[in-house]
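Notes follow the structure.
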Amino acid sequence: MSNSFDPIVTGRLTLRRLESGDSEKVFGYRSMPEVTRYQSWEPESAAEISCFIEGLKAIGPDTPGEWYQLGIVLNETGELTGDCGIRVSSADPSQAEVGITVSPPFQRRGLGAEALTAVLDVLFARLGKHRVYGSVDPRNTASLALLRRVGMRQEAHFVESLRFKGEWADDVICAMLRREWSERKGARR
């Protein structure tokens with residue numbers, strides 16, 4: 001796949017490429033302690049985010065081994081509410097990892113589930129992925145609940161398997177197969 005990307009439009013959201021003008025907003029929510037607590041990417045400045053966004057121009061959402069971030073924009077206001085990451089496995093490009101960050105003022109409105117559902121649809125229906133998974137610290141109960149809400153099932157709970165921010169942390173893997181996604185979509189019709 002090329003590095004082109006058509007925005008994904010849902011009822012309330014548009015998921016689009018991050019743009020250079022998003023740097024300050026992304027830094028604003030990605031530097032909040034309640035956001036960074038469970039995330040490994042802690043940008044030190046808007047300039048660092050701007051460089052990251054510039055690098056996204058050379059890749060696409062199906063580029064193996066690279067995180068590709070999409071901005072989550074509220075259709076009604078055009079406001080950036082968060083971002084969703086996709087990383088296709090370099091060892092097996094039929095599998096992808098997802099991650100999502102929703103700015104605290106926009107949490108608990110169902111926006112994360114709406115965005116992640118749209119991304120799963122693209123990964124399975126358009127990009128033909130076999131399996132999509134998310135990795136989450138089980139103390140991050142909101143993220144774990146979100147993965148389950150969109151239909152992912154827990155596959156593993158690794159105890160103190162990651163050295164994270166100076167301490168050992170557990171890692172829970174939730175995943176979904178393309179056939180499970182198709183069954184779930186069929187059940188919703």
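A short reminder: the numbers here are calculations on the coordinates, not readings from a lab. Here the structure is a predicted model, which is why all the values come from computation and not from measurement. Cβ coordinates were reconstructed from backbone atoms using ideal geometry, including for glycine residues, and neighbour counts include every protein chain displayed.
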Eigenvalues of the Cα gyration tensor times 5, then square-rooted: what semi-axes does that give for the range 62-171, in whole angstrom, largest first? 22, 19, 13
Pull up all non-local amide H partners of Ser89: gap of 5 or more, or a different chain, and H-to-H distance under 5 Å with H placed in the peptide plane. Gly65, Gln95, Ala96, Glu97
Roughly what % of DSSP beta bridges within the range 8-188 run antiparallel, to the nearest 5? 90
³J(HN,Hα) computed for each position of the range 113-121 - Karplus, 6.51 cos²θ - 1.76 cosθ + 1.60, integer Hz, glycine/proline x: 5, 5, 5, 5, 4, 5, 5, 4, 4
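Going by how many other Cβ atoms sit within 10 Å of their own, how do Trp168, Trp67 line up, fewest first?
Fewest-to-most Cβ neighbours within 10 Å comes out as Trp168, Trp67.
Taking the Cα centre as origin and putting +1 on Lys and Arg beta-carbons and -1 on Asp and Glu beta-carbons, what dipole magnitude results for the range 8-188, to the nearest 20 debye?
Dipole magnitude for the range 8-188 comes out near 800 debye.
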Using modelled backbone amide H atoms (1.01 Å from N, in-plane), which distant-in-sequence or interchain residues come within less than 5 Å of Asp137's amide H? Val172
Only Cα pairs within less than 10 Å get springs; with that Gaussian network setup on the chain, which residue of Arg153, Arg30, Arg163 has the largest fluctuation? Arg163
Tell me which GluC sites (Glu not before Pro) from the range 14-98 have a DSSP coil assignment and no more than 15 other beta carbons within 10 Å of their own. Glu19, Glu44, Glu76, Glu79
